[in-house]
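The values are calculated or read from the model by the stated rules, or taken from the named source; none is laboratory data. Computed from a predicted model, the values in this text were never measured in an experiment. Here the Cβ positions follow ideal geometry from the backbone for every residue, glycine too, while neighbour counts run over all protein chains shown.
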Amino acid sequence: MTITKNYDAIIIGAGHNGLTNAAFLAKAGLDVLVLEKNAHIGGATVSRELYDGWKYSNCSYVCSLFRPEIYQALDLGRHGLEVVPLQGGVTFKQNGDYFGSYHHHDIQRREIARHSQRDADAVVRFNADLMKWCRLIRGFLLRTPPDPGTFRPRDAMEFAYLLKKFYELSESQLYEFIRFFTMSIAEYLEEYFESDVILAHYSGGSIIGTGLGVYSPGTAYVLLHHAMGDVDGSIGSWGFARGGMGSVSKALASAFCAHGGSIRTDAEVTNINVSNQRATGVTLKNGETLRAKIVVSNLDAKRTFLNVMHSEDLPGDVVKRAKNFKIRGSSGKLNIALDAMPEFPALPPGSPLTLGHLHFSDTLERLERAYDDWKEDRWSSDPYTDTVIPTQFDPTMAPPGKHMMSVFVQYCPVEPEGGWTDAKRDAFGKTVLDQLAEYSPNFYDVLLHAEIRTPRELEAEVGLTEGNIFQGELTLDQLLFNRPFPGYAQYRGPVKNMYMCSSSTHPGGGVMGAPGANAAREILRDLNKSDTTPEDFGDD
Amino acid sequence: MSDHNYLSTHEPSPFDSGIRAQSQTENWTGWNGYLSPRIADTLASEYFAIRSSCSVMDLTPMEKYRITGPDATAFLNRLVTRDLTKLRVGRVAYVVWCNDEGKVIDDGTVFHLAENDYRLCAQHHQLDWLLLSSIGFDVSIQKETHDIAALSVQGPTSFSALSAAGIKGLETLKPFGILNTNVNGFELTVSRTGFTGDLGYELWAERARADDLWNTLFTLKDTGLFDIRLIGLDALEMVRIEAGFIMPGWDFNTAESTIRADHDRSPFELGLDWIVNFDKPYFTGKSALLAEKARPATRRLLKLTLEGNKPPVGSFIFHGKKGKQTGAVMAQTWSPILKRCLALADVDFIDGHPPNDLWAEIYYQKELKWHVKWARCEIVEGQFWSHPRRRATPPMPF
């Protein structure tokens with residue numbers, strides 16, 4: 001190792017955004033090094049074998065938002081990525097009934113009508129309205145947000161583009177959009193639906209990863225964040241990455257390395273070195289110093305500015321905003337090895353519904369109560385969970401006939417009263433498993449192993465502050481040109497040659513790759529290199 | 001908790017077994033959750049059953065709502081653009097309804113069955129919109145799509161056929177009239193309505209009487225008289241274009257399902273000026289439509305005939321041959337009775353008027369080889385085709 005080597009770019013953190021960013025920089029011909037604190041790459045986009053023969057998607061577990069433009073531009077299909085669309089999905093009711101999601105329009109319509117004839121008709125209006133907002137937002141995902149505070153021609157043009165997109169909405173749609181951005185998901189859905197289970201079913205996506213309840217203003221937007229993705233053009237669909245979410249980071253790493261980049265694992269960065277208000281490189285935990293012309297942080301905004309940078313190198317405003325950045329941990333995760341497929345007797349034999357997301361919260365009230373527990377620093381005694389069993393169509397994740405189950409849990413506190421202990425973690429896990437067993441009588445019989453993760457484990461292992469999966473709440477005050485902070489939404493850090501590419505930046509979390517690609521575009525622009533990042537395909 | 005069979009894609013029609021027995025081709029399509037034949041036997045025989053003898057079609061998938069209560073008339077009159085206070089008991093009216101922006105949600109027919117008792121038939125699911133629109137009105141709205149057994153019997157011999165089947169009183173039933181009668185021991189409502197532009201009737205019975213209704217017609221078919229034939233949706237598509245009738249969701253995007261601004265259409269843009277009545281009190285969309293009326297027309301769904309014999313499938317319409325693109329064909333057919341290509345086309349206007357020289361660019365295949373042809377289009381006012389027998393009372397025997 002020569003101390004004198006000066007990389008073109010160092011990226012801190014081998015999560016999907018760091019790798020995306022690195023791959024586009026390497027594709028432009030830069031000499032790029034990615035540093036990862038763990039022994040494995042992927043950050044929260046990993047598949048790990050923690051129980052012999054089973055692969056877990058330990059953190060993120062389904063794929064929809066990942067930008068197909070990035071997939072295409074980096075040729076990720078050739079690098080081993082395959083995203084298979086999910087089928088089915090179900091919300092179980094406490095009375096033994098259920099509400100199912102079917103992909104066939106007419107079957108779905110009859111299923112909704114079984115719960116409410118009116119809701120079966122209203123879903124047309126709901127889908128059309130939601131799609132209006134999806135279309136609007138999707139157009140901004142692969143664009144750098146304008147800074148409305150400057151008068152630079154590029155910002156003015158980009159701001160004009162943003163306004164134009166908004167004014168393409170009709171007048172009444174514009175009003176509705178502002179309402180949508182500020183409403184709670186419960187109030188929003190109640191303008192469409194009457195059935196309790198349908199309201200609960202559709203509201204789940206609005207609280208995932210969010211320190212808000214179904215009646216909290218601002219949650220309607222979070223639904224959009226979960227609905228705007230697509231698999232092969234089918235908007236709102238979710239997919240499984242074959243081999244687990246680790247396949248996404250693996251393919252990105254493979255593309256990056258094919259463009260000449262290199263990755264070092266077990267290389268935790270403790271400091272971004274700054275001299276004369278310019279980033280010059282990084283210092284590793286082992287004391288080693290690496291030099292680079294630019295440094296890109298894929299850590300969340302809090303970690304970046306409060307942990308690996310020194311206040312003396314930073315404007316006071318940035319430090320203050322980093323401190324105030326909302327990044328509340330609210331989620332837990334269970335990864336489960338199963339000896340056989342768990343039975344769900346509420347479903348008819350052979351039902352396709354287990355192929356998708358399983359939910360066990362059938363009323364808005366239960367969802368709100370789950371949030372109440374979190375506010376009191378308790379995990380929800382009756383949690384909202386998003387459960388998937390990808391081994392039903394992915395043969396690579398468990399031995400034949402065996403299954404892997406991923407259970408995302410909302411809500412779990414950052415710090416229960418008296419702090420986390422292993423015993424408390426296990427008690428949290430048991431709450432979730434007990435809820436599953438209520439709907440699946442053979443569940444404990446087939447349970448082989450469960451990895452239980454609270455915000456404590458998520459933060460310690462992945463480095464997500466408070467275990468927040470979006471690296472910062474997706475509320476209006478932290479979106480678009482305010483993400484992560486006003487004046488810093490264009491991926492450039494407060495010191496020269498330092499950039500940000502994590503989900504703390506626009507357009508936020510959810511395994512999109514967009515922050516990584518957008519940051520690469522800005523970096524290449526500053527370096528006068530030709531742009532290797534893709535343009536949005538466009539919806540029309 | 002009711003049963004849901006996830007393996008069955010479609011709801012069975014009450015006429016399911018009869019339809020299956022008559023369908024030779026297994027050429028089905030989904031229609032509002034039911035399985036309907038596109039073609040039961042051959043397209044030509046079905047088309048000519050409508051235009052030359054007697055066609056039968058299952059109306060189960062058509063959405064039906066029963067609207068009753070003291071405010072039923074006031075509710076419907078606020079809903080639709082037409083003045084329904086003039087619709088007497090025993091009469092039917094074609095109507096269209098809009099949102100507040102004056103864009104069409106759907107079209108259909110209102111049956112004034114009795115005092116404060118209406119049936120509204122619609123193309124698309126309307127329960128959500130009807131219930132939203134009913135706030136503040138003392139009305140009850142029931143979906144009865146699946147509870148009514150309804151058949152459409154259309155064609156020049158339909159009057160004779162139904163009379164021969166034992167239905168009395170048809171000779172005095174005028175177009176858009178309703179007749180309540182009794183045949184073969186069950187109650188039957190007959191309306192002189194249809195979607196073919198020809199002489200024809202729609203028959204309405206309780207669901208439990210579906211077999212009786214079916215047998216009333218098809219025992220007559222077995223006698224070999226009147227050439228009674230089950231038809232599918234493909235033949236209906238041909239005749240409804242000949243008659244100049246529109247299909248919401250096919251010829252234009254319905255307002256409640258429209259995502260992109262300006263992709264929906266107003267009644268004026270669809271050529272439905274004749275059923276927009278500004279003299280009646282407020283109706284949903286009135287202000288927007290008044291404002292639109294005051295502006296020059298920006299586009300219209302035009303009826304076009306095209307030279308040549310190549311149907312303009314998915315064609316763009318141009319101003320001048322190889323000129324500027326100015327519209328698109330939304331529906332088209334070759335008309336066997338007119339020996340001409342017909343189209344409904346969404347066309348941009350210039351200064352409130354249609355472009356004066358319209359052309360269609362038509363792509364077609366011969367032995368898998370693609371060809372392109374330009375065809376001059378002519379704008380047609382009114383129906384492409386009509387026949388005096390549609391309006392004659394008493395109707396002609398064939």
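Could you check region A:63-83 and list, in sequence order, the residues that are in a loop (DSSP other than H, G, I, E, B) and at pLDDT 90 or above? Correct list: A:Phe66, A:Arg67, A:Leu74, A:Asp75, A:Leu76, A:Gly77, A:Arg78, A:His79, A:Gly80, A:Leu81, A:Glu82. The numbered conditions (1) polar (S, T, N, Q); (2) in a helix (DSSP H, G or I); (3) not assigned by TED's automatic domain parsing to the domain that holds A:Ala23 are all true for A:Ser216 except (2). Of the residues making up region A:217-247, those that are buried (at least 19 other Cβ atoms within 10 Å of the Cβ) and at positive phi are A:Gly218, A:Gly243, A:Gly244.
Among the candidates B:Leu127, B:Leu173, the residue that is within 14 Å of chain A (Cβ to nearest Cβ) and modelled with pLDDT of 95 or more is uniquely B:Leu127. Applying the condition of being among the charged types (D, E, K, R) and assigned to a helix (DSSP H, G or I) to region B:69-94 and asking which residue is modelled with the highest pLDDT yields B:Arg78.
Of the candidates B:Thr216, B:Thr193, B:Thr189, the single residue that is part of a strand (DSSP E or B) and either under 22 Å from B:Ala21 (Cβ atoms) or among the hydroxyl-bearing types (Ser, Thr, Tyr) (or both) is B:Thr189. Taking into account only those residues within region B:110-121 that are buried (at least 20 other Cβ atoms within 10 Å of the Cβ) and either of a type in the set (Gly, Ala, Ser) or under 18 Å from the mean Cα position of the chain (by Cα) (or both), which is farthest from B:Gly69 (Cα to Cα)? So, considering only residues that are buried (at least 20 other Cβ atoms within 10 Å of the Cβ) and either of a type in the set (Gly, Ala, Ser) or under 18 Å from the mean Cα position of the chain (by Cα) (or both), the one farthest from B:Gly69 (Cα to Cα) is B:Cys121. Looking only at region B:166-174, decide whether some residue is in contact with a Phe, Trp or Tyr (Cβ under 9 Å, 6 or more places away or on another chain), free of Cβ contacts under 8 Å to residues at least 60 places away in the same chain and not in a helix (DSSP H, G or I). Yes, region B:166-174 contains at least one residue that is in contact with a Phe, Trp or Tyr (Cβ under 9 Å, 6 or more places away or on another chain), free of Cβ contacts under 8 Å to residues at least 60 places away in the same chain and not in a helix (DSSP H, G or I). Restricting attention to region A:180-214 and to residues that are hydroxyl-bearing (Ser, Thr, Tyr) and under 22 Å from the mean Cα position of the chain (by Cα), the residue that is farthest from A:Phe99 (Cα to Cα) turns out to be A:Thr182. On inspection, B:Ile362 qualifies as at pLDDT 95 or above and over 26 Å from the mean Cα position of the chain (by Cα).
Condition check ((1) in contact with a strand residue (DSSP E or B) (Cβ under 7 Å, 6 or more places away or on another chain); (2) assigned to a loop (DSSP other than H, G, I, E, B); (3) hydroxyl-bearing (Ser, Thr, Tyr)) across all residues:
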{"position": "A:Cys412", "(1), (2), (3)": "yes, yes, no"}
{"position": "A:Arg425", "(1), (2), (3)": "yes, no, no"}
{"position": "A:Tyr444", "(1), (2), (3)": "no, no, yes"}
{"position": "A:Ile452", "(1), (2), (3)": "yes, no, no"}
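Looking across region A:328-368 at every residue that is among the hydroxyl-bearing types (Ser, Thr, Tyr) and away from chain B (no Cβ under 14 Å), the one that is surrounded by the fewest Cβ atoms within 10 Å (Cβ to Cβ) is identified as A:Thr363.
Selection within region A:108-154: residues that are of a type in the set (Lys, Arg) and more than 9 Å from chain B (Cβ to nearest Cβ). The member of this set that is surrounded by the fewest Cβ atoms within 10 Å (Cβ to Cβ) is A:Arg152.
For region B:219-254, name all the residues that are part of a helix (DSSP H, G or I) and in contact (Cβ under 8 Å) with a residue 60 or more places away in the chain.
B:Leu233, B:Asp234, B:Ala235, B:Leu236, B:Glu237, B:Met238, B:Val239, B:Ile241, B:Glu242, B:Ala243
Figure legend. Inter-residue proximity from region A:168-189: first residues free of Cβ contacts under 8 Å to residues at least 12 places away in the same chain and within 21 Å of A:Gly204 (Cα to Cα), second residues in a helix (DSSP H, G or I) and of a type outside the set (Lys, Arg), beta-carbon distance below 9 Å, spacing 6+ or different chains. Indicated pairs: A:Arg179/A:Tyr188; A:Arg179/A:Ala220. Condition test on B:Ser134, is it within 23 Å of A:Val124 (Cα to Cα), without any contact (Cβ under 8 Å) to a residue 60 or more places away in the chain and either within 14 Å of another protein chain (Cβ to nearest Cβ) or buried (at least 23 other Cβ atoms within 10 Å of the Cβ) (or both)? Answer is yes for this residue.
Checking each residue in region A:78-107 for being free of Cβ contacts under 8 Å to residues at least 60 places away in the same chain and at the interface with another protein chain (Cβ under 10 Å from one of its Cβ atoms) picks out A:Asn95, A:His104, A:His105, A:Asp106, A:Ile107. Restricted to region B:81-104, and to residues there that are surrounded by 24 or more Cβ atoms within 10 Å (Cβ to Cβ) and farther than 20 Å from B:Gly194 by Cα, the residue that is nearest to the chain's Cα centre (by Cα) is B:Val104. With respect to the stated conditions, B:Leu162 is at pLDDT 95 or above, within 22 Å of the chain's Cα centre (by Cα) and either surrounded by 23 or more Cβ atoms within 10 Å (Cβ to Cβ) or small (Gly, Ala, Ser) (or both).
Among the residues of region A:1-13, are any over 21 Å from A:Val308 (Cα atoms), free of Cβ contacts under 8 Å to residues at least 60 places away in the same chain and in a loop (DSSP other than H, G, I, E, B)?
There is at least one residue in region A:1-13 that is over 21 Å from A:Val308 (Cα atoms), free of Cβ contacts under 8 Å to residues at least 60 places away in the same chain and in a loop (DSSP other than H, G, I, E, B).
Would you confirm, using the coordinates I've provided, whether B:Arg66 is out of contact with any Leu (no Cβ under 9 Å at 6 or more places or on another chain), at pLDDT 95 or above and basic (Lys, Arg)? No.
If you check B:Thr29, B:Thr25, B:Thr9 for being surrounded by fewer than 21 Cβ atoms within 10 Å (Cβ to Cβ), farther than 30 Å from A:Gly96 by Cα, hydroxyl-bearing (Ser, Thr, Tyr) and within 14 Å of another protein chain (Cβ to nearest Cβ), only one passes: B:Thr29. Of the residues making up region A:387-426, those that are aromatic (Phe, Trp, Tyr) and either under 17 Å from A:His449 (Cα atoms) or modelled with pLDDT under 95 (or both) number 2.
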